[in-house]
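A.B. asks: To start, I am sharing the structure in question, which I have written as structure tokens.
The values are calculated or read from the model by the stated rules, or taken from the named source; none is laboratory data. Owing to the predicted nature of the structure, the values given are computational and were not obtained by experimental measurement. When we count neighbours, we look across all protein chains shown, and the Cβ atoms used for this are built from the backbone with ideal geometry, even at glycine.
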Amino acid sequence: MNVCVIGTGYVGLVTGACFAEFGVNVVCVDKQADKIAALEAGEIPIYEPGLDDLVERNVREQRLSFSTDTESSVRDALVVFIAVGTPPRDDGGTNLSAVEAVAREIGRAMDGYKVVVTKSTVPVGTGKALRRAIQEELDAAGRDLHFSVASNPEFLREGAAIGDFMRPDRVVLGVEDEQAHAILRDLFRPLFLIETPFVMTNVETAELSKYAANSFLATKISFINEMANLCERVGADVHAVAKAMGLDRRIGKKFLHPGPGYGGSCFPKDTRSAAHFAREAGETLEIVESVIRVNERQRLRMVEKIVEAMGGEVDGRTVGMLGLSFKPETDDMRDAPAVEIVRGLRARGAAVRAYDPVAMPAAARVLPEIQMCKNAYEACEGADAMLLVTEWNQFRMLDLERLRGLLRQPVVVDLRNVYEPGPMRAAGFRYTCVGR
Ligand code: NAD
């Protein structure tokens with residue numbers, strides 16, 4: 001089977017490489033010629049553990065290739081995945097211009113039956129809009145062709161994307177006819193073989209499932225962050241609260257870790273998008289709208305927390321920041337809490353020195369005002385506080401004595417609760433964390 005994946009970002013590249021690994025022929029298409037040229041030269045444009053080996057092997061074994069030519073790539077494929085970006089608009093809605101543009105390109109290129117599958121996260125109703133756009137292009141060219149539209153939302157986590165694709169908790173397939181169903185069943189056969197649960201449904205339900213799942217996960221995060229803030233007021237320990245909650249199997253312990261608020265390329269935009277398209281459909285998602293507000297407040301609260309930990313004034317002071325990406329094991333800086341924190345500190349007159357194991361090149365593009373350092377210790381040298389923002393493993397066992405010698409003030413603000421308050425205070429630090 002020939003598969004074409006349009007949009008070679010975090011999702012498209014992982015999808016393409018993993019399908020190739022299953023043994024099908026895949027071409028990954030992108031309109032960014034420099035990205036495709038880099039991939040053809042063996043360079044991986046993003047940091048995702050294991051992806052380089054997977055791509056290299058499948059290119060070598062000639063199951064995976066790259067192209068900027070949508071037309072011929074679509075013609076050669078039976079299944080076309082759309083994995084382009086769906087960024088937020090200022091009003092919270094979703095900018096679907098890339099999806100729409102790709103739909104029209106597919107319509108213009110089509111010369112026979114295809115299954116067109118959206119992997120991008122798209123508001124409910126996009127599948128129908130996609131069908132209309134493709135049909136309009138076919139009509140304009142006077143071509144009478146049959147095609148299927150399907151929805152296969154992606155649930156992978158950056159940093160664990162390959163494992164999530166190869167051994168997913170579930171696969172959701174929204175299809176509108178038997179032919180597409182049979183073809184997609186065949187394509188996903190390796191996952192059927194390992195007894196992956198499949199949710200077979202219609203296109204609208206598949207589209208909504210992705211927003212429901214992300215909104216629920218975001219809810220857990222905002223919930224525990226509110227509890228953490230309450231813990232700080234009443235002298236309780238949020239970790240014990242989270243454990244007590246999470247051991248109840250009806251609740252589960254995942255996503256009950258307090259911190260600076262959720263970020264990344266999905267939760268912030270997907271929660272806003274869900275609230276927006278629900279309102280347009282005549283329903284207010286009261287819980288999701290609160291989750292968004294709680295998260296925004298949590299972000300702002302972190303800057304206040306840092307300022308307070310540094311004595312109420314940061315003008316002319318320096319912060320040594322550890323971690324920039326929105327979570328460990330990725331270089332993705334989209335909506336990373338670090339961005340708002342740096343801007344908040346800069347607005348109050350502080351200077352920021354930072355270190356991140358992989359995200360510094362991406363961070364330098366959005367935060368040119370910070371000084372990048374070679375390692376955690378260099379970032380803390382001469383700083384008035386160490387600020388831990390992303391819990392990379394290498395920040396879990398820092399040489400505390402060395403750090404105390406490097407810092408101008410023994411202040412540690414740990415927004416991920418990586419360290420324990422008691423031992424940190426015993427080691428001579430003025431230690432602040434979240435909800436303890
Ligand atoms: P991305 O920005 O990393 O990649 C999108 C790619 O699409 C870019 O390389 C861009 O150049 C390309 N593109 C845009 N228009 C194009 C066109 N007309 N023709 C060809 N290529 C085009 O985005 P991403 O993070 O991979 O996300 C893609 C989609 O998947 C989004 O809808 C996102 O919400 C969803 N998603 C992302 C994740 C994640 O962890 N990143 C997880 C699940 C779902």
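A.B. asks: Are any residues in segment 118-150 under 18 Å from Met200 (Cα atoms), more than 12 Å from the ligand (Cβ to nearest atom) and buried (at least 18 other Cβ atoms within 10 Å of the Cβ), and if so, which ones?
C.D. replies: Those that are under 18 Å from Met200 (Cα atoms), more than 12 Å from the ligand (Cβ to nearest atom) and buried (at least 18 other Cβ atoms within 10 Å of the Cβ): Val124, Gly127, Ser148, Val149, Ala150.
A.B. asks: Further question: Of all residues in segment 11-38 being away from the ligand (no atom under 13 Å from the Cβ) and in a strand (DSSP E or B), which is surrounded by the most Cβ atoms within 10 Å (Cβ to Cβ)?
C.D. replies: The qualifying residue surrounded by the most Cβ atoms within 10 Å (Cβ to Cβ) is Val26.
A.B. asks: Moving to a separate point now. Does Met386 satisfy the condition of being of a type in the set (A, V, I, L, M), assigned by TED's automatic domain parsing to the domain that holds Ala427 and without any contact (Cβ under 8 Å) to a residue 24 or more places away in the chain? Please lay out each step first, then the result.
C.D. replies: On the way: of a type in the set (A, V, I, L, M): yes; assigned by TED's automatic domain parsing to the domain that holds Ala427: yes; without any contact (Cβ under 8 Å) to a residue 24 or more places away in the chain: no.
Criteria not met by Met386.
A.B. asks: Is there a residue in segment 193-203 that is under 23 Å from the mean Cα position of the chain (by Cα), among the hydroxyl-bearing types (Ser, Thr, Tyr) and part of a loop (DSSP other than H, G, I, E, B)?
C.D. replies: For segment 193-203, residues under 23 Å from the mean Cα position of the chain (by Cα), among the hydroxyl-bearing types (Ser, Thr, Tyr) and part of a loop (DSSP other than H, G, I, E, B): present.
A.B. asks: Consider Glu329 carefully, then state whether it is within 16 Å of the ligand (Cβ to nearest atom) and surrounded by fewer than 20 Cβ atoms within 10 Å (Cβ to Cβ).
C.D. replies: Numbers: within 16 Å of the ligand (Cβ to nearest atom): yes; surrounded by fewer than 20 Cβ atoms within 10 Å (Cβ to Cβ): yes.
Here the answer is yes, as Glu329 does meet what is asked.
A.B. asks: Counting only residues that are assigned to a helix (DSSP H, G or I) and among the small types (Gly, Ala, Ser), which one in segment 57-76 is nearest to Cys18 (Cα to Cα)?
C.D. replies: Start the filter on segment 57-76 by keeping residues that are assigned to a helix (DSSP H, G or I), which leaves 57-60, 70-75.
In the following step, the residues that additionally are among the small types (Gly, Ala, Ser) were identified as 72-73.
Details: Ser72: 22, Ser73: 18 Å.
Once the filter is applied, the top-ranked residue is Ser73.
A.B. asks: In segment 64-99, how many residues are within 9 Å of the ligand (Cβ to nearest atom) and either under 22 Å from Val175 (Cα atoms) or within 25 Å of the chain's Cα centre (by Cα) (or both)?
C.D. replies: So the first thing to find is which residues in segment 64-99 are within 9 Å of the ligand (Cβ to nearest atom), and the list is 68, 70, 82-87, 94, 97-99.
Add one more test, that the residue is either under 22 Å from Val175 (Cα atoms) or within 25 Å of the chain's Cα centre (by Cα) (or both), and what stays is 68, 82-87, 94, 97-99.
Summing the residues that are within 9 Å of the ligand (Cβ to nearest atom) and either under 22 Å from Val175 (Cα atoms) or within 25 Å of the chain's Cα centre (by Cα) (or both) in segment 64-99 gives 11.
A.B. asks: For segment 39-55, enumerate the residues that are more than 14 Å from Met166 (Cβ to Cβ), outside any helix (DSSP H, G or I) and in contact with a helix residue (DSSP H, G or I) (Cβ under 8 Å, 6 or more places away or on another chain).
C.D. replies: Gly42, Ile44, Pro45, Ile46
A.B. asks: Take Thr8 and tell me if it is assigned to a helix (DSSP H, G or I) and of a type in the set (Ser, Thr, Tyr).
C.D. replies: On the way: assigned to a helix (DSSP H, G or I): no; of a type in the set (Ser, Thr, Tyr): yes.
When the stated conditions are applied, Thr8 does not pass them.
A.B. asks: Quick one: what pairs do we get from segment 1-19, first residue in the same structural domain as Phe81 (by TED's automatic domain parsing) and free of Cβ contacts under 8 Å to residues at least 60 places away in the same chain, second near the ligand (Cβ under 9 Å from one of its atoms) and of a type in the set (Ser, Thr, Tyr), C-beta under 6 Å, 6+ apart or different chains?
C.D. replies: Listed pairs, sorted by first residue: none to list.
A.B. asks: Within segment 350-377, take every residue that is crowded, with 16+ Cβ neighbours inside 10 Å and of a type in the set (D, E, K, R) and give me the one that is farthest from Asp315 (Cα to Cα).
C.D. replies: Asp356
A.B. asks: Pairs, please: C-beta under 7 Å, at least 6 apart or cross-chain, first residue more than 14 Å from Tyr10 (Cβ to Cβ) and in segment 37-50, second within 12 Å of the ligand (Cβ to nearest atom) and in a helix (DSSP H, G or I)?
C.D. replies: Cβ pairs passing all conditions: none.
A.B. asks: Let me ask something additional. Of the numbered conditions (1) farther than 27 Å from Leu322 by Cβ; (2) assigned to a loop (DSSP other than H, G, I, E, B); (3) without any contact (Cβ under 8 Å) to a residue 24 or more places away in the chain, Lys253 fails exactly one; give the number of that condition.
C.D. replies: (1)
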